[in-house]
Structure formats: C-alpha cells, structure tokens
Number of protein chains: 2
Amino acid sequence: MTGTMQADLLIRGARHALMLDAELRAGTGLDVAIAGDRIVAVGAALDVAADRVIDAQDHLVMPGLVNLHTHLPMTLLRGIAEDVDLQGFLERVWAEEARVMDQQGVRIGARLGALEALLSGTTTALDMYFHPVQAHEGAVEVGLRHVTGPVFFSFPGPDGLSWEQRMELARAWPAHLARIGGPSVPPALMPHAAFTVGTAHLREIAALAQEQGAIIHTHASENLRENDDTVTATGMRPVAALQASGILGRRAILGHGVQLHQDEVSELATAQAAVAHCPGSNLKLASGAADIVGYRAAGMCVGLGTDGCSSSNDLDMFAVMRLAANLARLVRDDPAAIAAREVVAMATLEGARALGMADQIGTLEVGKQADLILLDTSAPHLVPMRDPYTSVVFSAGRGDVAHVVVAGEVVVADGSPTRVRAREVIEAALAQVRTNAG
Amino acid sequence: MTGTMQADLLIRGARHALMLDAELRAGTGLDVAIAGDRIVAVGAALDVAADRVIDAQDHLVMPGLVNLHTHLPMTLLRGIAEDVDLQGFLERVWAEEARVMDQQGVRIGARLGALEALLSGTTTALDMYFHPVQAHEGAVEVGLRHVTGPVFFSFPGPDGLSWEQRMELARAWPAHLARIGGPSVPPALMPHAAFTVGTAHLREIAALAQEQGAIIHTHASENLRENDDTVTATGMRPVAALQASGILGRRAILGHGVQLHQDEVSELATAQAAVAHCPGSNLKLASGAADIVGYRAAGMCVGLGTDGCSSSNDLDMFAVMRLAANLARLVRDDPAAIAAREVVAMATLEGARALGMADQIGTLEVGKQADLILLDTSAPHLVPMRDPYTSVVFSAGRGDVAHVVVAGEVVVADGSPTRVRAREVIEAALAQVRTNAG
C-alpha cells in the first residue's frame, strides 16, 4: 500500500457513475479523485486526501457532454430566423451577421454560448465560426474546452477576409492556441462546406491539416438542396467533393450528414470520418431525419451536436440526446432502435473519438482529463431511477446539472459559473445586440 | 375611477405576458391581479393593493400548461419498460402494476406525479388511472388541477373491479369530487380503449356521461396494431367503434390518435372530439408520428400530453412542446409547418377547449381561474429573447419555471412546492416501490 493519495478535488460517493470505460460500464457509490487537470483514481471509498471535496451521494457523475457541431457566437442571433429552411435561414443570418458580428460581437457571443453550454453540462464544443481568435478567447475565459479554428469560404465572408488572409490565419492557428491557453484542444480547420469552398481550396486545407495534425470540420449533406447546390458548384455531391479534395482523408467531422446515400455512408465509415448528428436543427429547418442507426451499423462514428442558436435554438445537449433517441425509433420504426447508454456514449465518447481525443476525454478513466458533470438526482422527475442511462436520456435535463469540472477546474458550482458573472455576460450580449442591430 | 383595487396576489410588471386571449396576443410590462381563485385585472401599472406581490420584471408570465393525456401514478413505474413497443410495454406494465399499484401506491404515485407536473409548469392534467379516488386525493393535496375519473375495462383490471363496481364508482364520482375538493374540474369517465372495453359497455359509459355532463377520455389509434386489435375485437377501427357506441358524441378526448385515416380525422373534427398528441411517447414506443398540422387544418382540436412516465419517461410539457413543433416540421417537410405561438396555444388554450374548460383556463383573461406560471428569463439560454413564444417552445425548459399559481394559490414558489415537502413525497414513492416491488 502506498498510503493516502493526495488530490486537488475529490468527488465522494457518487450515487451513480456512468461511462466508466469504453464498454460503457456504470457503477454506484464511487469516488473520483482529480489531481491537476487529470483523473487519478476512480473507485469505492478511495483513501484520498483532497483540498476540495464534493459530496456526491445525491448525484450522478458522468463525463461532460461533447457538442460536436455548434456555432457558439450565434447565441446573439437566437430566434432571428424562425419558420424557414436552411437556405432561408442562411439568407437571414448572413445579413444579420454583417451587422452584429464584428470581432467584439464574436467574443461576446462565444462567452454567452460557452456559459450556456457549461451550465447545461457540455464541457467540450466543436465550434465553427469566423473571428476564431476572439471566439476562442471568449469561450476559454468562461472555462469551456473549446475546439475551433479558422473558417473558410472561397468568397469574402462576413469577416471580409481574402483567401490568403484565411490561410495565413490557419498557419498561425497553433500559435494562437498556445498563446490563448485554456483546456488542451487539437488545432482545427473549418471549411464551411463543399458548396462554399472550391475544390482547389479544399485541397489546400487538407494539405495544411496534414502538416499541422489538425482536425477538419465542415458542413455536408445537411439537406437535399445543399446536395443539389454542391452538384451545381462542383459536379459532385458533398461526400464526393470532400473525398476528391483529400478532406475525407483527414478523418473529417461532417456537420449534419442528413441526406447521405448508402454508398456515401460506407465511404465515410471507411475513411473514419464522423457525422455530428444535430436532430434539433435538422427537424426545425425541415432538413430531414438522419438514419444514425444505419450509420453506426455501417461503422461510422456518430456524435451529437446542437448546431447554432439561430437554428436550434439553444445549446441543450440533454434535449439533443432525448431527441436523437426518439427520432432513431421513428426512423427505424423500432422501439429498440438504440439503447439509452448508446445515446449517452454518442454524446461523450463518440464525440471524443470524432475529435481524435478519445484518449483524453469521454469516459471517467484514470489518466484522462478531468472533464465531468454532476447531476442532482433529487428532482421528482428522476424518481425512481431504475437505470441511470435511461434516466439521463429520457428524464434528466440541463436543469439537473449541479457541478461542472473541466480540466480539473470546477467551472460551475451549485449551478453557477465560477469564472464569470452570468449577469455581466448576459448584459454584454444584450448591449452588443442592441448597439449593432441598430 | 373606482380607486385602488384590492387583490390577494399581484404579479407585477411581467417582462413578457403570453396568451392574453384567444387571439394569442402577447404583451410586455403587464400586471396580473388575482382575487380568490380568479384573475381580476390584467394591464399596465394597475392600481392594485395586494396581500402578496411577485416582482416579475425578470419573468415571463403565461397560463399554466395543460397536460391532456397522462397517467400520473405511473411515475412509480418510470423506466420499467425500455426498448419495447406499445404491446410489449403493456405486458410489462400490467404485471408490475399488480404488484406496486394498490390504493396506497396510486395515491403516492399521483402525489409524485402532481409534484413533478407543477414544478415543470403544468397546472392542469387529464389523468387516467385506476383507483381514481386515491389518485385525485394525492394530486389535489399537492395543488394540481386534476381532471380524472373512473377507468373502465371490460375485464377485471389491476384494480380487480367488476363492471358493476366500475359503474357504481362512476355514478358516485361527482360526489367524490365534491368531497375531495381542490381546484374545480369537470367529472370524467375513462374507458381505457375500444379494444379493452366492449361496445355495449361503451354505450353505458356514453349514456352516463350524458347524464352527468361528464367528459370522456380514452385511448384511440395509438399504433397500427391497436387498430388491428380493435378490428379483431369489434369489427371496427377505433374511431368507428367510438362513434358506434356514442362515445364520440360526447366530445371525447382521444389519447394519442397517431394512426388515423383522413376520413376519421374529418369524423373526429365534425364530432368536436379532440386528440391529445403525445409525441414523446409516440416516438419512444415507435407508434408513429401524428400529423397534427393536418388534424388542425381539418378543424380538430389538438392538445398536448406527456403520457405516463413508464413510456415517456417524464411529465415535461416543455419537452413535449418542442418535440411537437419539431416533429410537425419533419412530418410536413415544412420548416413553417406550425408557428411557436400555435404550439403554446395547443399546450394551454387548446387543452382547455378539449376539456370543455376554455371559459375557465387557458388564457390570462379577467374572470378566468388564476392558473399561471412565471418563467425566470435570466438564464443564458433565453438571451436574447426576440419573440417570447419562440423562446418558450425552442429555448425554455422546466428548469426555468420559478413560480406556479393554481386557482389563485401559489403552489410553487422559487422552484419549491408550498403544500408538500418534495423530499417526503419522494421518499414515500421510493418506499412504495421498494416494499411492493419486493
């Protein structure tokens, strides 16, 4: 025996603990010990002395949720484009972005989004938006593990950058990440979509990703018209365009992936690409219902995302888990289409796998980053709790999130953020919307 | 001028007020004055002196939600039948009910359900379950407006009653309501379904309902197999069986109504029957997706419900509103299929209409019962709030419910129940499940 272990933070006696490993095991009455930014022990009645102890006897502890597709700064545009499809949505949003989303707006919107994400149990977000330096600074300030990088259009976007300026920012991106700090994340490159970025430009991005070890995130096959637009622009459907340009070879993460042919599903699985399934946005914009059970059966990695708040209209991954579970049952006409624990895995470990971070986050395993959330299980809607995975998917909600830990730091305690004052973040957002929305 | 009005309760300066009338008007900066169990004034800067004032400058006030189809005592069976269809569900549930659901279990389960409902913003529930006396006593104790009545099967159900005993209870039901007290509700008679209650028995129920002025609630066309089972049992599909037995003539409220033919939709609209749309349960059990936009276009009254917690698995009407809005978009392949305000109306005024209570609840109008909820609008996920109806449907959740008023009484204050202690209700429920589930 080595005697009492020293730790910085101890989660003591969690009533339930989920996602203990890649086999999705659960346990009861477990402690989780954290030193620095890592989990150093998981077990019953650990012999640990810690600076801070969270009594978890009324709590369920699980890995923080991974939002695999969002646009955090678009919190400022929440509710701006109702009752329209993807193309109608883009028209309204692009007009408004030019007015509200200067660098300051992006920073302020990312702070609001990161705050909302953390309060609702999301610890990692894959965030695509322009002015990524400001978005990253804003999200990191609040305490989120924020995966982002330069976004690319082949035309001047709302940020007004030329292609060469975009590539310059992309080459400097790892240095920006190092300078800004925050929870460790991989560099990312984010071509908006195959219908907005030309094939030659996509090839440049793929080459730079290879050079930097960056992940690539893009939109693909969100709806039928996007597929048609891509054929018009490139002569190919989105998956083919991404394949032809080398993007798929970089284990790309495709936002939405609703309207895929079966051969494209196989191609994506073979390429070890992932789909970020965003059922809330997909239904709201009437984009369609992705057959994620089929995707998973074909071997594709499928994570879950909210999309941005102008289409979804919030960042609630609990709502996404429940909708994903229910929608899969409708799509497959099968009440056993996907088990609750598989849905929780999609929202944690599968998201981590898609990001190339499965060795860092996604389960409560020793050596991983301490990204975890504690749900208060004392609400009436969680009684009785026969199977905790079922409760998380079909009964729990963001309102049950009591504590959130990212990289070993308690960033939400008793439902309140520890790094920022919520009221200040909100007032800055409202001021930005008022000022710039004229 | 009549000078200062006296009131018991004043909601002062609500940031937003929804459902001001049947035109679904909204307002800002409004006061709501309540005397006894009724709304006595709605307006800006009312000259009112009240015993109790709730400052609502950070709140949205709206009518309490109407859950038009649930089985409150089944909270005790939450999570008992996962990954099964309706028929597999019924097999598991009926076995467990015999063990857990004695009269005491029903009372305890109804208390837990009523507590969960109120905390999540539901002020009225149409609740179908056996041992209705105990269910009603339990729900009324917590403060819910609880519409229920005797349930009927043509075979001895889990309660072991004979047909004559059921009819006897039904004849005595108005007297039970008067004795138990609580927020005013109509009497109700609840034949389980046309495949479990024979046509002659349905006729008896229809006649008694006519005599008592009772509403009728039943299950109908929840899935395709139920339709087939009904044809086997009666030679008719459910709507035809209900029509033939005079049930439809009583403006019946049909739970689910997923698998209806177009002519049945027209028939129900003509009969002024209503459907309680339960999308969470319908998707979870893979029963199908009801085309509520089509139903409404045909003139049918459509309210929203959760169903019981063994199939849905909670009583969260906010989740139901959001799912109803999103599912309608998928079913109609139209992002403008139904506006957010129409969804809020379904969860309030349309439910009231179905219950024959539209003159009593469902809007914030003077003279109506004071059933209203206040949402705290200061959470990040509600910022900015461009259109409050959109925010309620697509961003808000039960966690935002701060105060709940039923029949003029504050039954939830600052998120906590005022009539019962939550911990005591929960512990009684857990004890009942442990003891009787062996």
Calculated label separations, B:Leu224, copies of the chain, 7 Å along the beta-carbon direction, nm = 2.2
Of all DSSP beta bridges in the protein assembly as shown, what percent run antiparallel (nearest 5)?
-> 45
Over chain A, calculate the relative contact order: mean separation of alpha carbon pairs under 8 Å at least 6 apart, over the residue count, as a percent.
-> 20
Once segment B:16-165 is represented by equal point scatterers at the alpha-carbon sites, with solvent omitted, what log10 I(q)/I(0) does the Debye formula produce at q = 0.17, 0.18 Å⁻¹?
-> -0.97, -1.04
Chain A, rotation onto B, residue closest to that axis via Cβ, with its distance in Å | A:Gly399, 1
Per residue of chain B, what 222 nm ellipticity follows from adding -39500 (n - 2.57) for every DSSP H run with n ≥ 4, rounded to the nearest 500?
-> -11000 deg cm²/dmol
Exposure-ranked with fewest Cβ neighbours within 10 Å first, B:Leu372, B:Leu86, A:Leu90 stand as A:Leu90, B:Leu86, B:Leu372
Pop a pseudo-label 7 angstrom from the Cα along the beta-carbon direction at both B:Thr270 and A:Arg99 and give the gap in nm to one decimal.
-> 5.1
Dipole check, segment B:65-354, charges on Cβ (K,R +1; D,E -1), about Cα centroid: among B:Ala139, B:Pro191, B:Tyr129 the Cα furthest to the positive pole belongs to B:Ala139
Evaluate the relative contact order of segment A:105-234 (contact order divided by residue number), counting alpha-carbon pairs under 8 angstrom at least 6 apart; express in whole percent.
-> 21
What is the Cα centroid distance between segment A:366-398 and segment A:284-352, reported in whole angstrom?
-> 18
How large is the charge dipole for segment A:135-217, taken about the Cα centre, if only the Cβ atoms of Lys, Arg (+1) and Asp, Glu (-1) carry charge, to the nearest 20 debye?
-> 160
Cβ-Cβ FRET estimate between A:Thr232 and B:Ala172, R0 fixed at 51 Å, reported to 0.05 = 0.10
Compute the distance in nm between two label points, each set 7 Å from the Cα along the Cα-to-Cβ direction, one at A:Glu424 and one at A:Arg25.
-> 4.4
Taking each residue of A:273-285 in turn, how many C-beta atoms of other protein chains fall within 10 Å of its C-beta, and what is the average?
-> 2
Give the order of B:Lys368, B:Lys284 when sorted by the count of other beta carbons within 10 angstrom, beginning with the fewest.
-> B:Lys368, B:Lys284
Please report, in debye to the nearest 20, how large the charge dipole of the protein assembly as shown is about its Cα centre when each Lys and Arg carries +1 at its beta carbon and each Asp and Glu carries -1 there.
-> 360
Euclidean distance of C-alpha centroids, segment B:414-436 and segment B:88-111, integer Å = 17
hull vol. (C-alpha, convex hull) per residue for segment B:65-354, Å³ -> 107
Could you give, in nm with one decimal, how far B:Gly29 is from each other copy of that position, shortest first, with labels 7 Å out from Cα toward Cβ?
-> 6.0
Any idea what the B:Glu427 label distances to the other copies are, label 7 Å down the Cα→Cβ vector, nm, shortest first?
-> 4.3
Estimate the FRET efficiency between B:Ala200 and B:Thr435 by the formula 1/(1 + (r/R0)^6), using the beta-carbon distance for r and 30 Å for R0, to the nearest 0.05.
-> 0.15
Estimated FRET transfer efficiency (B:Ala41, A:Arg386; beta-carbon r; R0 51 Å; 0.05) | 0.60
Among beta bridges that DSSP assigns inside chain B, antiparallel share in %, nearest 5 = 45
Segment A:204-237 to segment A:1-28: how many Å between their Cα centroids?
-> 41
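Sort A:268-274, B:416-422 by packing, meaning the average of other beta carbons within 10 Å per residue, with the highest value first.
Details: A:268-274: 20.9, B:416-422: 16.0.
Final packing ranking: A:268-274, B:416-422.
Where a number appears in this text, it was derived from the coordinates with a stated rule and is not lab data. As the structure is a prediction and not an experimental result, all values here were calculated from the model. Every residue, glycine among them, receives a Cβ derived from its backbone with ideal geometry; neighbour counts consider all protein chains shown.
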